[in-house]
Amino acid sequence: MKKQVLAVSLASLMSIGTIGSVTAVNAEESDKTYTVGICQLVQHEALDAATQGFKDALTDALGDAITFEEKNAQGDSNTCSTIINGLVSDNVDLILANATASLQAAAAGTTDIPILGTAVTDYGVALEIDDFDGTVGGNISGTSDLAPLDQQAAMLNELFPDAKTVGLLYCSAEANSQYQVDTVKAALEDLGYTCSDYAFSDSNDLASVATSAASDSDVIYVPTDNTVASNTEIINNICSAEKVPVIAGEEGICQGCGVATLSISYYDLGKATGEMAVRILKDGEDISTMPIEYAPNFTKEYNPTICKDLGIEIPDDYKAIEE
């Protein structure tokens, strides 16, 4: 009988010890805080929306346990490197690299801290990965803003079937802009258009290159290009004066200078990236095995003001971009 009582007492003590241990672990987990660094290439509507979606997803999941160290490079890729070095020195728990130049700087800056990219068109091109299979590996993953480029070409053809020449206007310093232009160009040439590249090196020569493109083209196509997105007013002033319509790679550019786009929600893209961050920070998921995620939905959109100014009628299945 005494042995039974002793066994029960020992079991009770062990149980209490186990409960105390679990409680301590749970308390430790609940007290854990995270610092996430954000490097955004430049301030414009699409990238701003992606950053906000990312922050909202993390805040919804982690509340006060998450702190952000947010920096903007103001369009300078060298500043991206400086920002990343600072975040690495601060030993942040994870880095959001918003746009291609930010991702490239982050990849060069650390192989240890988890890096999530967003608003990056193609990771294979950005990181010079041959035969990219959808998973970067190492400490990098993220989301892509790549819209179906053949469908963007088809959109141009739907709206402007009688056009002959298409000018492809983009920043040559952005590797993913070159990738988009090359892909769209091939699709447009298959549809019978004559295409010409109009590449500018930075915002300083954008106006002169855009003027040449508008003078020589029936329609202009611009990809999801961060330099373009930051300077849509310049393009709009030039193309409106020449009565040349612009097909844009994303909504923010279309709102500034385009007539139509096949676009994604950058807020939703950023939110999906934030949900990936939660899985890494809170759930311990291995970033090296996480494939790049893509936007699930694409929307045909048009700019009512510019379409009206140019006298362009848009099919009923396009959604108006709200001012």
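From the list 101, 147, 107, exactly one residue is closer than 30 Å to residue 186 by Cα and out of contact with any helix residue (DSSP H, G or I) (no Cβ under 8 Å at 6 or more places or on another chain). Which is it?
147
Of all residues in the range 198-210, which are under 14 Å from residue 226 (Cα atoms) and crowded, with 21+ Cβ neighbours inside 10 Å?
Correct list: 200, 206.
Are there helices (runs of 4 or more DSSP H) fully within the range 215-323 with at least 1 residues that are over 22 Å from residue 150 (Cβ atoms) and either at pLDDT 95 or above or touching an Asp or Glu at 6+ places or on another chain (Cβ under 6 Å) (or both)? List them.
Per the criteria, 232-242, 251-257, 266-281, 304-310.
Can you name the residue in the range 162-183 that is closer than 10 Å to residue 223 by Cβ and in contact with a Phe, Trp or Tyr (Cβ under 9 Å, 6 or more places away or on another chain) and is also surrounded by the most Cβ atoms within 10 Å (Cβ to Cβ) among such residues?
Result: 169.
Considering each of 36, 88, 8, 92 in turn, give the residue that is modelled with pLDDT under 95 and either of a type in the set (Val, Ile, Thr) or touching a Gly at 6+ places or on another chain (Cβ under 9 Å) (or both).
8
Which of (1) charged (D, E, K, R); (2) in contact with a Phe, Trp or Tyr (Cβ under 9 Å, 6 or more places away or on another chain); (3) open to solvent by 20 Å² or more (accessible area, probe 1.4 Å) is the odd one out, the single condition residue 243 does not satisfy?
(2)
Just the residues that are in contact (Cβ under 8 Å) with a residue 60 or more places away in the chain and open to solvent by 30 Å² or more (accessible area, probe 1.4 Å), please, taken from the range 115-147.
Correct list: 135, 136, 138, 146.
On the basis of being crowded, with 23+ Cβ neighbours inside 10 Å and closer than 22 Å to residue 159 by Cβ, does residue 213 make the cut?
In short, yes.
Being part of a helix (DSSP H, G or I), more than 24 Å from residue 264 (Cα to Cα), at pLDDT below 95 and of a type in the set (A, V, I, L, M) narrows it down to one residue among 62, 13; which is it?
The conditions single out 13.
Name the single residue, out of those in the range 184-197 being of a type outside the set (A, V, I, L, M, F, W, C) and crowded, with 19+ Cβ neighbours inside 10 Å, that is farthest from residue 153 (Cα to Cα).
My answer is 193.
Just need a number here: residues in the range 279-319 that are free of Cβ contacts under 8 Å to residues at least 24 places away in the same chain, closer than 30 Å to residue 60 by Cβ and exposed (fewer than 14 other Cβ atoms within 10 Å of the Cβ). So that I can check it myself, show each step before the final result.
Going through the range 279-319, the residues free of Cβ contacts under 8 Å to residues at least 24 places away in the same chain turn out to be 279, 283-286, 296, 304-305, 308, 311, 313, 316-317, 319.
Filter once more, keeping what is closer than 30 Å to residue 60 by Cβ: 279, 283-286, 296, 319.
Checking which are exposed (fewer than 14 other Cβ atoms within 10 Å of the Cβ) leaves us with 283-284, 286, 296, 319.
Looking only at that region, the number is 5.
The values are calculated or read from the model by the stated rules, or taken from the named source; none is laboratory data. Here the structure is a predicted model, which means the values were calculated and not measured. When we count neighbours, we look across all protein chains shown, and the Cβ atoms used for this are built from the backbone with ideal geometry, even at glycine. Heavy atoms of the whole protein, side chains included, go into the accessibility calculation; ligands, DNA and RNA do not. Shrake-Rupley method; radii C 1.70, N 1.55, O 1.52, S 1.80 Å.
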